[in-house]
1. Give just the number: which of (1) exposed (fewer than 11 other Cβ atoms within 10 Å of the Cβ); (2) in a strand (DSSP E or B) does LEU70 not satisfy?
2. Check TYR56 against each of (1) farther than 26 Å from LYS87 by Cα; (2) under 16 Å from the mean Cα position of the chain (by Cα); (3) not in a strand (DSSP E or B) and name the one condition it does not meet.
3. Does PHE108 qualify as being within 15 Å of the chain's Cα centre (by Cα) and open to solvent by less than 60 Å² (accessible area, probe 1.4 Å)?
4. With open to solvent by 50 Å² or more (accessible area, probe 1.4 Å) and either closer than 22 Å to MET92 by Cβ or in contact (Cβ under 8 Å) with a residue 12 or more places away in the chain (or both) as the only criterion, which of GLU42, GLU31, GLU50 stands out?
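The values are calculated or read from the model by the stated rules, or taken from the named source; none is laboratory data. Predicted model, so just to flag it, every value in this text is computed and none were measured. Positions of Cβ are generated from backbone atoms using ideal geometry, with glycine treated the same way; all protein chains shown enter the neighbour counts. Accessible surface areas use protein heavy atoms only, side chains included; no ligands, DNA or RNA. Shrake-Rupley method; radii C 1.70, N 1.55, O 1.52, S 1.80 Å.
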Amino acid sequence: MFSNQMQVMLYVDDVTKAVEFWQELGFAIIEQQTVDGTSVVEIAPSKEAEAHFVLYDREFIETHSPEVALNSPSIMFFAEDITTLYKKLLEMEAEVGELIQMEEQLVFNFADPDGNYFAVSGK
């Protein structure tokens, strides 16, 4: 059976730029390593989070695992204060979709510097 821990691998053009983007949103670096000369960084919303992103250089993945390099996940975050997060992303000049009401939830999407889209839901 599966455990509660999870990692999502994100393939990015610039690992350093991606790490800076996520850190500006409050993510913590869990682990950093160099694999075959490329930086691989594990990040999470907090040190205690059970779901982590592992940021890989897209070019590295295209070389070592070309069959997965073009796949991008569809990820939904849940936010305790969605309007503050929405405003933060706007201040960062990230690409941000409209904040809309869906039943009892507010929802929006945003893109990271590599154009990966993420959804956010909260009350």
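1. Condition (2) is where LEU70 drops out.
2. It is condition (3) that TYR56 fails.
3. On the way: within 15 Å of the chain's Cα centre (by Cα): yes; open to solvent by less than 60 Å² (accessible area, probe 1.4 Å): yes.
The answer is yes for PHE108.
4. On the way: GLU42 fails: open to solvent by 50 Å² or more (accessible area, probe 1.4 Å); GLU31 fails: either closer than 22 Å to MET92 by Cβ or in contact (Cβ under 8 Å) with a residue 12 or more places away in the chain (or both).
Going through GLU42, GLU31, GLU50 in turn, the sole match is GLU50.
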